[in-house]
Amino acid sequence: MATFYIRKYVLVMAIEILIPLGSLFAQKQQYSLQELVNASVNNLPVLKQKQALTNAARASISDVKHSFLPLVKAGEQMTLGSDNSLAGSYFTFGITPSTSAGVRNSNNLEAATGNLAVVYSEYELANFGLNDARLKYAQSFVNLQEADLKKEQYNVQMEVSRLYFTILKNQYRLTADQQNVERYQRVFTVIHALTASGLKPGADSSLAKAELSRSRISYNQTFGRIGQLQEQLSFLTGIPAVQLRIDTLIDQSVYNHHTIPDFVMDTLNNPLLDYYMQKQKVYLTNELLIKKSYLPKVVLAGAVWGRGSSIQFSDQYKSLATGLGYQRFNYSLGVAFTYNLFNGLYKKDKLAINRFQIEAGYFEQQQQKAALHSAFLQSENLLRTTEANLLELPIQLHSAEDTYGQKLAQYKAGIISLIDLTNASFVLYRSQTDYIETLNDWYLAQLDKAASTGNLFQFIQTIK
C-alpha cells in the first residue's frame, strides 16, 4: 500500500512541478530508453569487435573438425647430381640429401638425373577421445566469447540507462531552474515598482537583481550540463546530440507505465555472472583436452611413389634424359602405434597449471557473485530510503509553496524584509530540487537492483 501511495505522489508531484520542456527541445526527436539501448547495441565499435571475436570462435569449430581429416601430401622432384655413397646408417637432420645405392670403391662425379613422385597419407585411427575433447574445448570457447559479448552489451545498456536518468534529472532540474528564474523575475518586477515609488529602499532592488542573476547562472549551468550528457549519449548511441531528446516521466503516466516489478536474483541468466561461469567451463574442458592429448595414438599410414634414374641397375650411366621418366613404382601401407614415454610428465605439468587456473576462476566467480549480492543489498537499502522520502517530500514541497506565497504577500504589504522573501524562495527551490534528486535516486536504485539481479532487459521494457 505504501508503494501505491509513493507512485501516486510521484505522478502528482511530477505533473505539478515539472512542466514539459516544450520549445527548448522542440527541434529534437524524442527517444525512449528502449530505442536508445537498441541504438547503442547497433552502433558501438566495441560491441562489433566482440561480435567479430564470437564469429571467429564459431569458425574455429569448423577448423577443429577439418583437422580430423586424413593427412594427404603429394610431391614431385627432379634432380641432377652425383651418386656416391657408403654403407652405414645416419640421421639426416632434415638437411642432408639422400643418395640411393652408389656404393663403390672410389668416387664418381659424373652427373646423373633422377625423378621421384610421392603421394603420402596419414590418418589417426584411434586417439581415445582426443577429437571429442577438442570439439568440446572449441565449443566452450565459443560460449565464452558469446558470454563476453552479452556482458559487454549488458554494461553498455546499464551505462545508457544511467545516462538516460541523469539527463532526465537535469531536464527536470532545468524546469525547476526556469521556475526559479521566473519567481525572481516577478519579485524583481514588484520590488522595482515599489522602489520607483519610494515605498522600498533601493538596496532591495539591487539584492533582488543579484538573486535573479544567480538563478540565471544556475539555469545556464544546468543547460550546459545537459549538452555534455547528450554528447556522451550520442557517443554510445551514434545519434547526433542535436537530434537527441529523451522522453520524460511527465509525458506519460508514471503509475500506469513505470510500475517496477520486484526483481529477484537470477544466477543462471545474469550476463555479469555467466561470463565467469563460461570462463570456468573453458578451464574444465581444457583439463579434459590435456588428459586426452597425451594418450597413445594409432595411425594408419600409406604411400605410393614412382621413381626414375639415369643410372641403371648395373651401375651404367645412361643419357640424362633417361632419368626424367618413371621407371619403378612402389606402394606401402602400415599401422603405427605412437606414444611419447615422457607424456606422463608433460601431462602432469600441464594439469598442474590448469588446476591453478580452475582455482583462480572459481574465486573470480565467487568474487563476482559477492559483488552482485552487495550491489543488490545496497540498492534495496537505497530504495527503502528514497521511498520513505518520497512520502515526505510532497509535504515539504506544498509547505514551501504555501510559505513562498504568504511571504510574497507579506513583503508586498511591507510586513517582512526582502531577506525573508528570498529565504522562502530558496526553500521552495530546494524542495523542488530535493524532489528531483530523490526521484532520480529511486530510479537509479531500481536500475542497480535490476542490473545486479540479471533483470536489466525487463527493467528497460518497463520504462516506456
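Every number here is computed from the coordinates shown, using simple stated rules; none is lab data. Please read all numbers here as calculations on a predicted model, not as lab measurements. All Cβ positions, glycine included, derive from the backbone under ideal geometry; neighbour counts span all protein chains shown.
In this structure, Arg328 and Phe93 have a Cβ-Cβ separation that, at R0 = 25 Å, corresponds to a calculated FRET efficiency of about 0.35.
Peptides 420-432, 120-132, 448-460, 67-79 ranked from most to least packed, by the mean per-residue count of other Cβ atoms within 10 Å: 448-460, 420-432, 120-132, 67-79. A value for Rg and Dmax of the Cα atoms in Å was derived from the coordinates, and within the list (i) 23.5, 83; (ii) 21.2, 76; (iii) 40.4, 139 it appears as (iii). Of the peptides 225-231, 138-144, 321-327, the order by per-residue mean of other Cβ atoms within 10 Å, starting with the highest, comes out as 138-144, 225-231, 321-327.
Of Leu444, Leu33, Val187, which is farthest along the charge dipole of the chain in the positive direction, counting Lys and Arg as +1 and Asp and Glu as -1 at C-beta? After comparing all options, I get Leu33.
The modelled label-to-label distance between Asn340 and Ser85, using points 7 Å beyond Cα along the C-beta direction, is 3.2 nm. Using just its DSSP H runs of length 4 or more, each adding -39500 (n - 2.57), the chain gives a mean residue ellipticity at 222 nm of -22500 deg cm²/dmol after division by all residues.
With 27 Å as the cut-off, how large is the P(r) tail for segment 22-167, expressed as percent of Cα-Cα pairs?
Beyond 27 Å sits 62 percent of the P(r) for segment 22-167.
Rounded to whole numbers, the Karplus 3J(HN,Hα) couplings from phi for segment 106-112 are 8, 6, 10, 8, 5, 6, 9 Hz, using 6.51 cos²θ - 1.76 cosθ + 1.60 with θ = phi - 60°, and x at Gly and Pro. Ordering Phe141, Thr267, Ser431 by Cα displacement along the dipole of the chain toward the positive end leaves Phe141 in first place; charges were set at the Cβ atoms of Lys, Arg (+1) and Asp, Glu (-1).
Measuring r between the beta carbons of Gln243 and Val264 and using R0 = 56 Å, the FRET efficiency lands at 0.90. Listed cross-link partners Lys65/Lys136; Lys151/Lys279; Lys50/Lys292 are compared with a 23 Å cut-off, the Cα-Cα value being larger for Lys50/Lys292. Extending 7 Å from Cα along the Cβ direction at Ala375 and again at Ala321 yields two label points whose distance is 8.3 nm.
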